[in-house]
């Protein structure tokens, strides 16, 4: 196991980089704690695989350092870093049996055969491959081959970390949940540092204790699945996490916060903070789950026009127009389906304010009354 530190790390494929957009990985400092289960989440082209290949040693960074337990490893080859990497497509030796595939990393470093046999059977049992050990790998299904590929990283006791690069892409959707759960069990049993790259938020949330969300070569937020959902630190996190993603609209900052003729509820402390930032416009975000849809007219709510309703079985998605802006709200299964005009409100607790795409944190309560209100929320 190892603590992996990225110190002022950056990488570019350009010979003469002159602007941030020239970097596949923009300068970052980050720590993957020893024994943690982490996910690196983001869309195609955001730099996930580049970052993973830098950690494993397949790629040398343009700037900065990679440290394993405080030791610089930039110049070390992949095999010298004791890293196991599982790729998108299973990498197995088709002409070998499953047993020999699993045994290969141990035999390669001179482990006695009796220890090889013991370790292979232990890992095969965990991965439910015991009845396949005598089979040639070429006869296995795609998910079984990926299990073998994972197993080769687990048989060695000296592995610093296991890196997974979208390992379930080629797996049948019905088996993905089972393999994700198996990976979680393996992590809990072996306590190995694991970094899992994916573009699928469900995969990231079910595997990882903490998720690093990447966007344009940067980690824009690192936190638990709940933190990413409830308190997105960047507009991209709000958009990318959740289904559907966060609602956003541009609001004007004058005496208060307004959207067209509508006054958006924010605290005096937040207004003071925004004015101190010397901005005229901000981005307001709220998740569909937190939009309050009223049964009737309410003084604290906005009248909006219903666009359409999607019935997804256990819940419904209401699409509506708020001052001409398309937005969504999530309705419970038994909630009455509205039509025509409906009233919605945005609870201040769940209304997020962004400037230049980054979250403006809510000011801490200072008075006893504010503390009581904050605690009640």
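Nothing in this text is a laboratory measurement; each read-out follows from the coordinates by a stated rule. This is a predicted model, so every value here is computed, not measured. When we count neighbours, we look across all protein chains shown, and the Cβ atoms used for this are built from the backbone with ideal geometry, even at glycine.
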*Listed highest first by mean packing, meaning other Cβ atoms within 10 Å per residue, what order do 231-239, 133-141 come in?*
231-239, 133-141
*Chain lengthening between residue 71 and residue 175 when straightened (0.36 nm per residue, less Cα-Cα)*: 33.6 nm
*Mind sorting out which of (1) 25.1, 78; (2) 23.0, 82; (3) 21.5, 68 is the real Rg and Dmax of the Cα atoms in Å computed from the coordinates?*
(1)
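Where both partners of a DSSP beta bridge lie in region 4-238, what percent of those bridges are antiparallel, to the nearest 5? Please report the intermediate quantities before stating the final value.
Values: 19 of 37 bridges.
In region 4-238, DSSP labels about 50 percent of beta bridges as antiparallel.
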*Expressed as an acute angle from 0 to 90° and rounded to the nearest 10, what is the orientation of the C-alpha long axis of helix 173-190 relative to the principal long axis of the chain?*
70 degrees
*Cα-based helix-to-principal-axis angle, 113-126 vs the chain, degrees rounded to 10*: 30 degrees
*So what's the angle, to the nearest 10 degrees on a 0 to 90 scale, between helix 98-108 and the longest Cα principal axis of the chain?*
80 degrees
*Three-way shape call for region 1-116 based on the alpha-carbon gyration tensor, with the a/c threshold at 1.5*: prolate
*When the Cα centres of region 119-172 and region 238-273 are compared, how far apart do they sit, in Å?*
48 Å
*Simple spin-label estimate for residue 7 and residue 355 in nanometres, 7 Å along Cα-Cβ*: 3.4 nm
*Quick one: Cα centre-to-centre distance for region 23-52 and region 65-93, in angstrom?*
14 Å
*Which of rounded, prolate, oblate describes region 243-376, given a ≥ b ≥ c as roots of the alpha-carbon gyration tensor eigenvalues and a/c under 1.5 marking rounded, otherwise prolate only if a/b is larger than b/c?*
prolate
_Given points 7 Å out from each Cα along the Cα-Cβ axis, report the residue 258 to residue 95 separation in nanometres with one decimal._
7.8 nm
*Is it possible to state the helix-based mean residue ellipticity at 222 nm for the chain, with each DSSP H run of 4+ residues giving -39500 (n - 2.57), the sum divided by total residues, to the nearest 500 deg cm²/dmol? What is it?*
-8000 deg cm²/dmol
*How would you classify region 13-79 from its alpha-carbon gyration tensor, with a ≥ b ≥ c the square roots of the eigenvalues: rounded for a/c under 1.5, else prolate if a/b is greater than b/c, otherwise oblate?*
oblate
